[in-house]
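Derivation of every value follows stated rules applied to the coordinates shown; laboratory data play no part. Small disclaimer: the values here were computed from a predicted structure and weren't measured. Here the Cβ is made from the backbone with ideal geometry for all residues, glycine too, and neighbour counts use every protein chain on show.
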Amino acid sequence: MSSPIWMITTSPAIGGALGLVEGDVEVTVLVVGDQATVDALTEAGVTALVHVPTSDTVPPEALAAQVGQLVAEASPSVVVAPARGPERALLAAAATALDAPVLPAVTSLRVDEYTVSLVRGLYGGLVAATETYSGPIAVLVDGGVAPAPTGTAVPVRQVAPSPAGLTIVSTSASQQASVDLGSATRVVAVGRGLKAREDVELIEKLAAAAGAQVGCSRPLAEGQDWFAKDQYVGISGQHIAPDLYLAIGISGQLQHMAGVRGATTIVAINADEKAPVFTECDYGLVGDLYDIVPALTAALTEVG
Ligand SMILES: Cc1cc2nc3c(=O)[nH]c(=O)nc-3n(C[C@H](O)[C@H](O)[C@H](O)COP(=O)(O)OP(=O)(O)OC[C@H]3O[C@@H](n4cnc5c(N)ncnc54)[C@H](O)[C@@H]3O)c2cc1C
């Protein structure tokens with residue numbers, strides 16, 4: 001009998017996703033990727049692996065239709081994928097093939113004989129909804145890191161790829177510097193309160209004085225392009241959990257604050273005392289960032 005859960009991945013980083021599955025239930029992992037990913041997952045404690053290889057010229061997305069076909073043939077109760085890059089397209093293909101709804105932000109999953117119960121975040125994580133489904137579903141989860149090896153290898157079924165006409169013709173690295181906000185203990189983030197691109201320097205100086213990484217709200221990374229896309233925080237950007245999050249000239253809309261629910265202390269600087277961010281922060285400074293930021297930088301530099 002086929003596993004009731006199929007998990008689609010392009011990388012070994014599925015330890016978190018596996019951890020969300022409650023109880024002793026069979027999980028088949030469908031790897032759409034290279035042999036190294038398969039090797040890293042053979043001792044992941046799952047039931048079986050299915051491997052559809054990619055190559056330097058064949059991206060995972062080119063195999064979406066085949067993924068849909070494989071999942072439909074297995075007809076699992078749930079198909080799971082980490083909410084990142086190519087996996088989103090692959091899960092969409094699997095969901096279409098199963099005629100299943102796609103449910104994002106799932107944080108736990110239980111499969112019984114006739115039903116699937118899950119918990120998922122709604123409204124940017126403000127609400128944890130518990131739901132039960134009786135038909136097939138597709139869910140997006142946090143992939144986490146690679147699982148620790150169990151010491152027992154499972155069988156791997158190799159499937160020859162049959163890609164759609166999609167080819168990688170060239171690749172180039174992003175021109176903008178990337179930051180690792182996920183592991184930062186302090187983040188200084190700025191929003192549309194910043195008036196000009198050259199003023200980014202003000203924020204960078206403050207971040208340097210505070211030993212922090214620089215983040216931003218979405219409009220500054222998408223649209224204005226003052227920051228790299230992996231620097232924006234929020235429901236569709238980075239979800240971070242620093243000790244300190246300093247939100248400067250950020251109004252604090254739900255979609256932004258959803259990305260900092262895990263922060264220990266949130267400090268806000270905003271010119272508008274009615275800005276929503278002040279209902280979400282631990283400390284708030286009402287005032288012009290162009291006055292407050294240089295003063296704060298000077299004070300932090302002085303104390304070293
Ligand atoms: C589906 C969807 C997903 C989204 N995902 C995200 C996401 O992941 N991340 C995200 O950030 N947004 C996201 N958004 C956009 C989000 O709704 C807000 O529009 C965005 O966060 C606003 O950015 P902001 O706070 O920088 O700008 P604004 O809302 O324009 O706020 C600017 C703030 O700066 C203050 N200000 C102005 N001048 C000064 C000054 N001199 N000194 C101090 N304060 C000043 C103002 O009082 C204001 O509060 C999403 C929206 C949608 C619809």
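Once both labels are modelled 7 Å past Cα along the beta-carbon direction, what's the Thr107-Asp56 spacing in nm?
My value for the distance between the label points is 4.4 nm.
Of all DSSP beta bridges located in the stretch 5-158, what percent are antiparallel, nearest 5?
Taking every DSSP beta bridge within the stretch 5-158, about 30 percent pair in antiparallel fashion.
Quick one: Cα centre-to-centre distance for the stretch 184-212 and the stretch 281-304, in angstrom?
11
Could you work out the relative contact order of the chain, using alpha carbon pairs under 8 angstrom and six or more residues apart, expressed as a whole percent?
Worked out over the chain, it gives 15 percent.
Test of understanding: ordering Val156, Val260, Val80 by Cβ neighbours within 10 Å, fewest first, what list do you get?
Result, fewest neighbours first: Val156, Val260, Val80.
HN-Hα J couplings of the stretch 13-29 from phi, Karplus 6.51/-1.76/1.60, θ = phi - 60°, integer Hz, Gly and Pro as x?
Working through the residues one at a time gives 6, 10, x, x, 4, 5, x, 7, 7, 8, x, 9, 10, 6, 10, 9, 9 Hz.
Give me Met257, Met7 sorted ascending by neighbouring Cβ count inside 10 Å, so fewest comes first.
Met257, Met7
What is the distance in Å between the Cα centroid of the stretch 225-254 and that of the stretch 60-130?
27
If the cut-off is 13 Å between C-alpha atoms, which aspartates and glutamates fall inside it for Lys229, apart from same-chain ones fewer than 8 positions away?
Of all the aspartates and glutamates, those that pass the test against Lys229 - Cα under 13 Å, at least 8 places apart if same chain - are Asp180.
Which FRET efficiency value, to the nearest 0.05, do you get for Ala196 and Thr279 by plugging their Cβ-Cβ distance into 1/(1 + (r/R0)^6) with R0 = 51 Å?
0.95
By count of other Cβ within 10 Å, fewest leading, how are Ser75, Ser172 ordered?
Ser172, Ser75
For the chain, which semi-axes, largest first and in whole Å, follow from the square roots of 5 times the eigenvalues of its Cα gyration tensor?
41, 21, 17
Which value in Å does the Kirkwood hydrodynamic radius of the stretch 181-303 take, with 1/r averaged over all unlike C-alpha pairs and then inverted?
13.9
Taking every DSSP beta bridge with both residues inside the chain, roughly what % is antiparallel (nearest 5)? Walk me through the numbers before you get to the answer.
Values: 12 of 57 bridges.
Of those bridges, close to 20 percent are antiparallel.
Could you please report the charge total around Ile14, scoring K, R as +1 and D, E as -1 over all other residues with beta-carbon less than 11 angstrom from its beta-carbon?
-1
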